[in-house]
Each structure stands twice: as C-alpha cells, then as structure tokens.
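Working notes for the structure below.
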Amino acid sequence: MDKFYNETLIKLENEIKELEIETDCSIECIEAVIQLIIQSLADLKEFVLKNDFKNIEEEIHFFKYQKPVIVSKLIYYNAIYKIETRRPYGNKRNRKYFTKELKKLKRFFDNNLDFYKYYRSNNSFVDEKFFVRGKHDIRLWLDTFYFEADHRFSTSHDYKVAKIIANDLIQVYLEDRLNNVNVKKVSDNSLKWTASKTALTELIYALYSHGVFNNGNTDIKLIAKTFEDAFNIELGDFYHTFMELKARKINRTKFLDNLCEALIKKMDEQDEK
C-alpha cells in the first residue's frame, strides 16, 4: 500500500507543479488540477478495493494519514476555485469577501474543536472508530457527508482530517489575498478618481471598444476591475451606466469630448509660450 500511495502522491504533486508553472494558477489551471486529483483518488480507490489492507493498523494509517492528504488537495483547489469565481470587483468588496471566507474557516474550527484537539495532539485511543471502515459511531462528531460516501473507501473521520489540512492551506491563501488587497489600498491612496463614475465608465468602454488592451482580446469586466482596483473605486453595475450613456439623445460621449477639448487647449497654450 505504501509504495502505491507514495507513487500516486509524487506523480500527482509533480503534475500539479507543472500545470501551475505553465498557466500561473489560473482558473483553467485549477479546473485541470481538480481533474488530476479526482483521477488520483479513483486510482487509489481501485487499488484499495482490489488489494485491501494487511491489518487494522495499515487501514488506520491509510485513512488517518494518507488518503486525507490527497483529499485535502481536492478540497483546497475546489475552495480556491469557488473563492476566485465568486470574488466581487473592487478592493473594498474584496476585503469584506475574503474576511467573510476566513470567518467560515473559524466556524468550522469552533464546531469541531474536540476533534481538532484529538487529531492535533496525535491521539489514537478512538482511532478504530474514526479510521476503520464500518466502525462509525453517530455520537462522535459525524458529518452528513459520511452517510453519502462510499463506505468501502471511507471511514467516519478521514474526510474531517482532510478538511483540517485543507483549511490550513485555505487560510494561508485567504490571508495572502487579503494582505495584497490591503497593500493595494495603501498604494492606491495616492491617486484617486475624482470625476464621476459615469465618466470613468465612459472611458472604460471607449478603451474597450478601441481594443487597446491585449490586442482587443480582453473582457470588459477585467478592464473595469483593473480600474476599480487602481483607483480604489466601486463602479457597481457599469453595464447599466453604459446603457444610460447610450440612451442620451445628445452628447453621448460628453466626458471624452471634454477630454479632447482639454488636451487641445493645453496644446494650444503650450504653443503660445
């Protein structure tokens, strides 16, 4: 068992590293990583069902220390995927969002404090109930997840161990993201957008329409988010604002026209000197 598990884990970790180097851990990368982990777990499950364990000690070791390591990777990357795809635009909203996600981890810790103490203290006196298949005790902090799992490849608490490992990694990720947002907030304070949000929306759509970013292959949402982060501003429903601009009967590009006039005036003043 140890040989097959170690080979599976090393292969998985190497494949994950290669993907992250090639794609800079993008959303597409995370999707690919999740598929790799799912396949590794499927291979591991097939091996366990075919070969089983030599004794209870080997079974406990597998479900307490080995399987949770790989499952924790699945929990971690799935969590990061959800965090990033649901993340709002704007520094202020991001701070609230990441802080809220950290509070979820704290709630899990508080709700499972007894098991945290048991696992982190490396206790073993209840291991036969926690990490041997078919030995579950409903009075011992059972998750609903266990009743839906395949009991041939699950014990009552191996998933909870994986969750503890994953949550430590998720916490580091969230704190790093929160720190980056806070650092950006400090640096952005030196330059603030003082015109209207409508004016900024007009500028963003003009730049988007002219294809000035990435040869025109950039989503309008990314451009808007970049401006929000750069100027520490929240544009809200900028598409609705754009529709209002379109609905103007006269002077639909008022801000851009004013920019053009201001630039020409500045040039004329420079020529007169």
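Kindly indicate whether Ile170 is in contact (Cβ under 8 Å) with a residue 24 or more places away in the chain, under 30 Å from Phe108 (Cβ atoms) and open to solvent by less than 60 Å² (accessible area, probe 1.4 Å).
So Ile170 passes the test.
Those residues that are β-branched (Val, Ile, Thr), open to solvent by 50 Å² or more (accessible area, probe 1.4 Å) and closer than 22 Å to His157 by Cα, I need them from segment 12-70; list them, please.
Within segment 12-70, Ile38, Ile56 qualify.
Per-residue answers, yes or no, for (1) part of a helix (DSSP H, G or I); (2) among the acidic types (Asp, Glu); (3) farther than 22 Å from Arg93 by Cα; (4) open to solvent by less than 80 Å² (accessible area, probe 1.4 Å):
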residue: Lys249; (1), (2), (3), (4): no, no, yes, no
residue: Asp257; (1), (2), (3), (4): yes, yes, yes, yes
residue: Glu261; (1), (2), (3), (4): yes, yes, yes, no
residue: Lys266; (1), (2), (3), (4): yes, no, yes, no
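Can you tell me which residue is least open to solvent (accessible area, probe 1.4 Å) among those in segment 200-226 that are out of contact with any Phe, Trp or Tyr (no Cβ under 8 Å at 6 or more places or on another chain), of a type in the set (A, V, I, L, M, F, W, C) and within 21 Å of Lys254 (Cα to Cα)?
Ala206
So for segment 98-121 (the condition being touching a residue at least 60 places away in the same chain (Cβ under 8 Å) and of a type in the set (Phe, Trp, Tyr)), does at least one residue qualify?
There is at least one residue in segment 98-121 that is touching a residue at least 60 places away in the same chain (Cβ under 8 Å) and of a type in the set (Phe, Trp, Tyr).
Residues being touching a residue at least 24 places away in the same chain (Cβ under 8 Å) and either on the phi < 0 side of the Ramachandran plot or in contact with a helix residue (DSSP H, G or I) (Cβ under 6 Å, 6 or more places away or on another chain) (or both): count how many of those fall in segment 218-258.
21
The values are calculated or read from the model by the stated rules, or taken from the named source; none is laboratory data. Please read all numbers here as calculations on a predicted model, not as lab measurements. Positions of Cβ are backbone-derived with ideal geometry, glycine not excepted, and every protein chain shown enters the neighbour counts. Heads up: the accessible areas ignore ligands, DNA and RNA and are worked out on the full protein's heavy atoms, side chains in. Shrake-Rupley method; radii C 1.70, N 1.55, O 1.52, S 1.80 Å.
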